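Working notes, beginning with the structure itself.
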Amino acid sequence: MRRSLVVVLGIAVLASAGCSGKPDSGAASSPGSTTTSSSAPPPTSAAPSPKPAPTAVALSVPMYQRALTNVERVLKPSVARVMNAQSVAAFDASRKQLAAAVVIERNELAKITPPSGLVTAHPAVLDAFDAYAGDVATQLSKAGDTRTSCGLPKAADVRLYEAKTGIRTAFAGLAQSVQLSIGKGVKFGALSVPAKPAAPAVIGGRGENGDVFQRSGSRGPGRLTITNSGSDVVVVVTTGSPRSPEASIYVRANKSATLNGLRKQDYWVYFKSGTNWDAKNHRFTESCVYQKFDDIFSGSFGWTVTLTKSPLGNAPSSETDAF
């Protein structure tokens, strides 16, 4: 229904005493009188004063603890998805979700007013969350490499293990930084820091001392005893290329082993050291060093060599190509 507003204009007629019945030809002022035109603005009402902003109420220590515990409960499923990923692609997708969740929870923490005793600590807590992204980038740098330090293709399970280890290390660092900031009165990290992931067999892998895992050709009376004072090594006996050995033997650090049955002929002795032994492919995958003795050995004798770095050694050696 349309409503209409009727405005009534009042016209005030000002009459002067002693006027005639004829209309005046102009406005005349009677002697001793004045005519005043009033145009004063209507009175205005004063604007209401703005209400003061409410004062933020500081949390008690138990309430602050509940806030941090809630953050952990929110982040825990995201952390679990990352650590349970079965492929590098699944890991990366879950990692992005965790990163977004960390930012959200950090912003929620920024809205609260900490207890008086944690006023100084609270900004440090927020800084720890801010630093998390950078820590993740640093920790994942190794997992991003597709080749080992020996130049070999890095296995997918090794990359995934390194990625999960990197995320766990970064998240544990976040929890540790928060805990150091808030002190012993409040706890953070016990609910959300994941367990260490299970390492693939190659990580920290070692061969068995004295294991002769390669052998070719006939046997003979020759013997080579190796005393190893350095890191784990593989000693290769060959008449030509170390890629085509007569025999290969694994000797652990600070152990000795003897290679028997060498043919009665001259041969060369090569040795390689490293870490993360790949038993399937018979090779070290990290920190590889490849060397050979400069002198030739005769299969007519029994020999003993000591693998150690010493300027007094009488069997010089040289670095060689990978084998």
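The values are calculated or read from the model by the stated rules, or taken from the named source; none is laboratory data. Just so it is clear, the model here is predicted, and its values are computed rather than measured. All Cβ positions, glycine included, derive from the backbone under ideal geometry; neighbour counts span all protein chains shown. Remember, those area values only see protein heavy atoms, side chains included, never the ligands or the DNA or RNA. Shrake-Rupley method; radii C 1.70, N 1.55, O 1.52, S 1.80 Å.
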Open item on the list: Out of everything in the stretch 238-257 that is part of a loop (DSSP other than H, G, I, E, B), within 22 Å of residue 278 (Cα to Cα) and among the small types (Gly, Ala, Ser), what residue ends up being least open to solvent (accessible area, probe 1.4 Å)?
Closed with: 253
Task: Looking only at the stretch 55-93, and only at residues there that are among the charged types (D, E, K, R), touching a residue at least 40 places away in the same chain (Cβ under 8 Å) and open to solvent by 80 Å² or more (accessible area, probe 1.4 Å), the one that is nearest to residue 192 (Cα to Cα) - done: 76
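Each row is one residue, and each column tells you yes or no for (1) in a helix (DSSP H, G or I); (2) open to solvent by less than 20 Å² (accessible area, probe 1.4 Å); (3) aliphatic (A, V, I, L, M).
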position: 106; (1), (2), (3): yes, no, no
position: 112; (1), (2), (3): no, no, yes
position: 117; (1), (2), (3): yes, no, no
position: 124; (1), (2), (3): yes, no, yes
position: 127; (1), (2), (3): yes, no, no
position: 131; (1), (2), (3): yes, no, yes
position: 135; (1), (2), (3): yes, no, no
position: 143; (1), (2), (3): no, yes, yes
position: 150; (1), (2), (3): no, no, no
TODO: Check whether at least one residue in the stretch 154-175 is touching a residue at least 24 places away in the same chain (Cβ under 8 Å), of a type in the set (Ser, Thr, Tyr) and part of a loop (DSSP other than H, G, I, E, B), and report yes or no.
DONE: no
TODO: Identify the residue in the stretch 156-191 that is farther than 30 Å from residue 61 by Cβ and touching a Pro at 6+ places or on another chain (Cβ under 7 Å) and, among all such residues, is surrounded by the fewest Cβ atoms within 10 Å (Cβ to Cβ).
DONE: 157
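Residue by residue, here is whether (1) on the phi < 0 side of the Ramachandran plot; (2) without any contact (Cβ under 8 Å) to a residue 24 or more places away in the chain; (3) part of a strand (DSSP E or B) holds:
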{"position": "259", "(1), (2), (3)": "yes, no, yes"}
{"position": "264", "(1), (2), (3)": "yes, no, no"}
{"position": "267", "(1), (2), (3)": "yes, no, yes"}
{"position": "281", "(1), (2), (3)": "yes, yes, no"}
{"position": "291", "(1), (2), (3)": "yes, no, yes"}
{"position": "318", "(1), (2), (3)": "yes, no, yes"}
{"position": "321", "(1), (2), (3)": "yes, no, no"}
Task: Only one of 231, 216, 241, 256 that is within 27 Å of residue 319 (Cβ to Cβ), in contact with a Pro (Cβ under 8 Å, 6 or more places away or on another chain) and of a type outside the set (Val, Ile, Thr) - done: 216
- [ ] Would you be able to tell me the number of residues in the stretch 183-237 that are touching a Ser or Thr at 6+ places or on another chain (Cβ under 8 Å), of a type in the set (A, V, I, L, M, F, W, C), assigned to a loop (DSSP other than H, G, I, E, B) and more than 30 Å from residue 114 (Cα to Cα)?
- [x] 1
Open item on the list: I want to confirm something. Restricting to the stretch 293-311 and keeping residues that are among the small types (Gly, Ala, Ser) and part of a loop (DSSP other than H, G, I, E, B), which single residue is farthest from residue 248 (Cα to Cα)?
Closed with: 310
